[in-house]
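**Student:** Structure in C-alpha cells, see below.
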Amino acid sequence: MSVFPATAAAKAAGRSRTSASGTRPGSRNQRSAYWFIAPLGLGFAVFYFWPLLQTLYFSFTEFGAFGGHTFIGTDNYLRVVKDVTVWQALGNTLIYCVIGLMALPVAIVVASLLNRRGLRGVSVYRALYFIPFVTLPVAVGLVWNWLYNGDFGLVNEILGWFGAERNYWVSDPSTAVYAIGTVMVWSTTGYYLVIFMAGVKGIPQDYYEAAELDGAGPLRRFFTITLPLLSPTIFFASVICMINSLQTFDLIYIMMAEKNPAIGDTQSVVGLFYKWAFIENAQGAAAALAFLLMLVIAALTYLQFRIQKRWVHYA
C-alpha cells in the first residue's frame, strides 16, 4: 500500500487514460498547436525560405541572353566587391538609413505633446499625421517633385521670401539625397507616431503625478520618465525603421528621372539591384548583391540587439 494514496491514485488514473487512448493527454494539445502553426510555417517556407535559397543559388550562376544559367562560382561576388557603384550605392543607402531614423525623435516629441491631459482632437491629429504613410509612394514622389521644382516649386518660393537663391533640389548632386531623405521622414513619421502614442499611453500616470508633486517640470518628466519607459518601444521602432530604410527604392525611383544628373548620387542598393536584374540582364550579380544586402541588414539588426541591453529598460 502506498504511503501517499492520493498520488498513487492520480498516477493510476493517468496510466489508465494513456493506455485507453494510446497517447498522453499533452500530446494531443501539442498536435493541435502544430496544426495552428502549420499555415504560417508553410507560408514562411514557400514565400521566404525557398526564395532565399534560390537567391543564394542564383548568386553563383550567370544567366544567358535567352534564358538558362550556368554555374560560375564566386565571380558575381567578386564583381559586387570590386564595383565602385556598389560602394557608392551602399553609402547612399546608409545616408538614407541615418536620415530615416530622424523620424523617430520627431514622432516621440509629437506623441508626447498629443498625450497631454485635456487635449482635444487627438484622433484628428493622429489621422493627419498618418495620412502620408498610407499615401501611395508614387503620389508622394510626384507631389514632392513639384514642390522641389527649381523653376516654380513651392519650396523655392517660400525660401525666396527669406532671400534664399533658387535650387534644383533633386537635380543637384549635393542636395538630392537629403531632399529624398526629408520626404522619407515626412512620409513615415505618422507610422511611428501611432506606435509611440500607444507606448506613451501605457506609462502609468502615477509616475507623472508623483514627479510633478516633487517639482519636476515637463522637460524633466520627459527625460526621466517618458524616454526610459518608452525605450522598448523606441528599440522596436528603430529596428523596423533601419530595415525599411536600407530597403528603400520606390520613392527614389519615382523622384529621380532616368537622365537626372544626380541619379548616381541617390541610387540605393535596391535601386542598383533593380538596374542589374531588369535592365542589364545580370540576374546572377543582382542575386549576389541582394544576398549581401540581406547579410548587412542581419548584421546591423544583430548589433542593435546587442547594444539594446545597455539602454533599453524593461519595466
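The values are calculated or read from the model by the stated rules, or taken from the named source; none is laboratory data. Since the structure is predicted, the reported quantities are computational estimates derived from the model, not experimental observations. In this analysis, Cβ positions are derived from the backbone assuming ideal geometry, glycine residues included, and neighbour counts consider all displayed protein chains. Just so you know, the surface numbers come from the protein's heavy atoms only, side chains and all, with ligands and any DNA or RNA stripped out. Shrake-Rupley method; radii C 1.70, N 1.55, O 1.52, S 1.80 Å.
**Student:** Take the conditions closer than 30 Å to LEU227 by Cβ, at pLDDT 95 or above and open to solvent by 60 Å² or more (accessible area, probe 1.4 Å) and apply them to VAL124. Does it pass?
**Tutor:** Answer is no for this residue.
**Student:** In the stretch 187-227, what residues are crowded, with 17+ Cβ neighbours inside 10 Å, polar (S, T, N, Q) and free of Cβ contacts under 8 Å to residues at least 24 places away in the same chain?
**Tutor:** Correct list: empty.
**Student:** Restricting to helices (runs of 4 or more DSSP H) lying wholly in the stretch 41-123: which have 2 or more residues that are closer than 14 Å to ALA286 by Cα? Walk me through how you get there before you give the answer.
**Tutor:** On the way: elements: 50-58, 75-82, 84-100, 103-114.
Output list reads 50-58, 75-82, 84-100.
**Student:** Then there's this: Out of the stretch 130-161, which residues are part of a loop (DSSP other than H, G, I, E, B), surrounded by fewer than 16 Cβ atoms within 10 Å (Cβ to Cβ) and not small (Gly, Ala, Ser)?
**Tutor:** THR135, LEU136, ASP151, PHE152, TRP161, listed by residue number.
**Student:** Just checking, does the stretch 69-87 include any residue being among the hydroxyl-bearing types (Ser, Thr, Tyr), open to solvent by 70 Å² or more (accessible area, probe 1.4 Å) and out of contact with any strand residue (DSSP E or B) (no Cβ under 8 Å at 6 or more places or on another chain)?
**Tutor:** Looking through the stretch 69-87, at least one residue is among the hydroxyl-bearing types (Ser, Thr, Tyr), open to solvent by 70 Å² or more (accessible area, probe 1.4 Å) and out of contact with any strand residue (DSSP E or B) (no Cβ under 8 Å at 6 or more places or on another chain).
**Student:** Between a residue in the stretch 53-69 that is modelled with pLDDT under 85 and any residue that is not in a helix (DSSP H, G or I), which pairs come within a Cβ distance under 7 Å, given they are 6 or more apart or on different chains?
**Tutor:** ALA65/ASN281; HIS69/THR61; HIS69/GLU62; HIS69/PHE63
**Student:** Quick one: count up the residues across the stretch 239-250 that are open to solvent by less than 30 Å² (accessible area, probe 1.4 Å) and either under 18 Å from TYR302 (Cβ atoms) or among the small types (Gly, Ala, Ser) (or both).
**Tutor:** Here the count works out to 5.
**Student:** Shifting gears a bit: Run down LEU136, LEU142, LEU154, LEU147 and say which single residue is touching a residue at least 60 places away in the same chain (Cβ under 8 Å) and either touching a strand residue (DSSP E or B) at 6+ places or on another chain (Cβ under 6 Å) or not charged (D, E, K, R) (or both).
**Tutor:** It is LEU142.
**Student:** Given the condition within 23 Å of ALA198 (Cα to Cα), open to solvent by 10 Å² or more (accessible area, probe 1.4 Å) and more than 17 Å from the chain's Cα centre (by Cα), answer yes or no: does some residue in the stretch 228-238 qualify?
**Tutor:** yes
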